[in-house]
Every structure is written in structure tokens, then in C-alpha cells.
Amino acid sequence: MPAMHISVADAKARFAAVLDGVLHRGERYVIERHGREVAAIVSLTELERLDRSLPEHPAGAMALVGLWHEVPDNEIDALLADLRTTRDRDTGRSVEVEA
């Protein structure tokens, strides 16, 4: 069943009915604020299924995020500043274009 999209105001106004639909009819809701999706309301069964489908350890770029939690902010800021400086100095490679 596809999720129904509702605004935050509508979700507030119909909260009991939304929960009833989730509990008894398996409905899923995507909550929107100013036209942007910001949250979802799903059953506990669906949430547990989603949690089980997540890898125990993040992979790809998300794995990198966890590696930085012990690095002090000032060291990260210094690294980023160094990267920006190096990038700004880089003139790139010469390219010849044939007409």
C-alpha cells in the first residue's frame, strides 16, 4: 500500500484517525511541512521490519561518518581548511581543444 501524503496541520487535526488507520488498516503516512517530506507514521511492525533491514554496521560513505566522532572539531576544521587551500592552488591540467 503506498503511503498517503498529508501536511503537518492535517496530521495534527486528524491525529486519532491517522493512528487508527495505521493500526487497523496498515496505512502509512508521509508528513509534509511546506511541501517537503519531513517524517513518516508507520506501524510498529513496519518499523521493526525496517530496523531489521538496516545493516549492523554502516557501509559506504555512512561508515566514514562514524570514524570522525573522536576527532576534535578544530582538527576537522584544520583538515578542511588545508583541503580548500590545496584545491584553490590547483590550476588543473592543461587541455587542448581541437576545432
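Listed by position, the helices (runs of 4 or more DSSP H) enclosed by the stretch 8-53 that each have at least 1 residues that are on the phi < 0 side of the Ramachandran plot and touching an Asp or Glu at 6+ places or on another chain (Cβ under 9 Å) are 8-13, 15-25.
Listed conditions (1) in contact with a Ser or Thr (Cβ under 7 Å, 6 or more places away or on another chain); (2) exposed (fewer than 15 other Cβ atoms within 10 Å of the Cβ) are all met by Ala9, apart from (1). Residues of the stretch 16-31 that are surrounded by fewer than 17 Cβ atoms within 10 Å (Cβ to Cβ) and under 10 Å from Met4 (Cα atoms): Arg28, Val30. Checking each residue in the stretch 32-49 for being of a type in the set (Ser, Thr, Tyr) and crowded, with 16+ Cβ neighbours inside 10 Å picks out only Ser43.
Read-outs throughout are calculated quantities, based only on the coordinates presented, and are distinct from any laboratory measurement. Computed from a predicted model, the values in this text were never measured in an experiment. Note that each Cβ is placed from the backbone with ideal geometry, even for glycine, and that neighbours are counted across all protein chains shown.
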